[in-house]
Amino acid sequence: MNDRGGLTDTACAYREILDHTNDAIIILQGEHTVWANKPARKYFAATEWTEAKEIFLPHFLKKQDLMKLQNIIHHVISYGQKESVATIRLPVIIPDGTVIQSEIHIHPFTFHHTPLVQLTIRDIGDIKNAELNLMQSEKLSVIGELSAGILHEIRNPLTSIKGFLQLMQKDPVPDKNYIEIILNEVNHIENIATGLLNFTKPQPEHFVKLELGSILKNTLFLFETHAVRKHISFDVIGDGDAHLILGDKTQMKQVFINLIKNAIDAIDDDGKISISLISADSREIIKISDSGKGMPSTIITKLGKSFFTTKVSGTGLGLMVTFKIINNHNGKVFIESKENRGTTFTLTFPCYSVARP
């Protein structure tokens, strides 16, 4: 190592290549920046070689995001070259105060027996906006398909309200019980409307502590009428514990809606959908199983790819969005299926105690 950019002259060719990439690249020795390519120096308003050392990550990341990055760097280094690349999405604050949505690739390596870490920082603002627009489009599409059942859920309490108001017109001394029932039914309608509005309106991504069981319960509520029409029953299995993750509530609800809707669509009539929530090995595990038609292995490998679908009128975007959301939550998805016996989606996420900043 020398002071000139933190690299020896033998690294000139490597440095020249990195200077001509579009991505900002920073090389760390411990917590200190020893070199940065031209895009990085421009990104962080450093213009001279010696100023690369002034790119101090705590100045450009929020405290909780810096901790996330440090934890991943530690994890990657601990596993050595076998797991030598990791990726995380974080907002980066550049010197003028602008927040850039960035994807950071982390790659540890050794140079002249000195352990170093290369951070490749890519501006994904346009990609992020495209993903959010796609999620929004898919949400509206799903709600459109469920609209008949949702309207039925609203019509039932409206019928009750109308009936009790007619009774109150005839009775000069209204029964206070009628008023209580009407208020309960109005609250029921209000809860449905609020839930739909919160789900369908565009919202910025916001990761907080979530309880998966409550999100699942609210999601199943949307499918009650649809499931009754197809004679499908829900079997929810829980261990009585809270299942907490760090995530975006609207996005996780979208995952449940897409997978449960697919499970219902896979069943012609008279079937069952089983959903279980368990905690194991610092992971929260959700299994969604249906008794539907199942799929051959050749189809399973294609699920989640752009515009691949087994439905006549489908686009394939539902599962693509679902897989993207799961990946953004550091989750994993596994699919098991047997033709004429059904399909199981298994989702795993880091539990909140592990994932929290």
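At a glance:
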quantity	calculated
Selection count, the stretch 215-230, where residues are surrounded by fewer than 13 Cβ atoms within 10 Å (Cβ to Cβ) and modelled with pLDDT of 90 or more	0
H112 modelled with pLDDT of 75 or more, of a type outside the set (D, E), in contact with a Ser or Thr (Cβ under 8 Å, 6 or more places away or on another chain) and over 19 Å from I25 (Cα atoms)	yes
Check on T194, open to solvent by less than 40 Å² (accessible area, probe 1.4 Å) and assigned to a helix (DSSP H, G or I)	no
Residue match in the stretch 128-137 (condition: open to solvent by 80 Å² or more (accessible area, probe 1.4 Å), at pLDDT below 70 and out of contact with any strand residue (DSSP E or B) (no Cβ under 7 Å at 6 or more places or on another chain))	no
All positions within the stretch 333-347 that are open to solvent by 70 Å² or more (accessible area, probe 1.4 Å) and either among the polar types (S, T, N, Q) or closer than 15 Å to Q251 by Cα (or both)	N340
Scan of the stretch 58-85 for residues that are modelled with pLDDT under 80 and surrounded by 13 or more Cβ atoms within 10 Å (Cβ to Cβ), ordered by number	V76, I77, S84
Yes/no for T33 being at pLDDT below 70 and not in a loop (DSSP other than H, G, I, E, B)	no
All positions within the stretch 21-33 that are open to solvent by 20 Å² or more (accessible area, probe 1.4 Å) and of a type outside the set (D, E, K, R)	T21, N22, Q29, G30, H32
Enumeration of residues in the stretch 327-345 that are in a strand (DSSP E or B) and of a type in the set (G, A, S)	S337, G342
Filter pass, L212 being modelled with pLDDT of 75 or more and under 30 Å from Q64 (Cβ atoms)	yes
Pair list, Cβ < 6 Å and 6+ apart or interchain, from the stretch 53-80 residues that are over 14 Å from L119 (Cα atoms) to residues that are at pLDDT 80 or above	K53/T33; P58/L66; D65/L90
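Listed here are the residues, each with its yes/no results for (1) exposed (fewer than 13 other Cβ atoms within 10 Å of the Cβ); (2) modelled with pLDDT of 75 or more; (3) in contact with a helix residue (DSSP H, G or I) (Cβ under 7 Å, 6 or more places away or on another chain); (4) outside any loop (DSSP other than H, G, I, E, B).
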{"site": "L146", "(1), (2), (3), (4)": "no, no, yes, yes"}
{"site": "E153", "(1), (2), (3), (4)": "no, no, yes, yes"}
{"site": "P174", "(1), (2), (3), (4)": "no, no, yes, no"}
{"site": "L183", "(1), (2), (3), (4)": "yes, yes, no, yes"}
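The values are calculated or read from the model by the stated rules, or taken from the named source; none is laboratory data. Predicted, not measured: the structure shown is a model, and the values here were computed from it. Here the Cβ is made from the backbone with ideal geometry for all residues, glycine too, and neighbour counts use every protein chain on show. Surface areas here come from the heavy atoms of the whole protein model, side chains and all, with no ligands, DNA or RNA. Shrake-Rupley method; radii C 1.70, N 1.55, O 1.52, S 1.80 Å.
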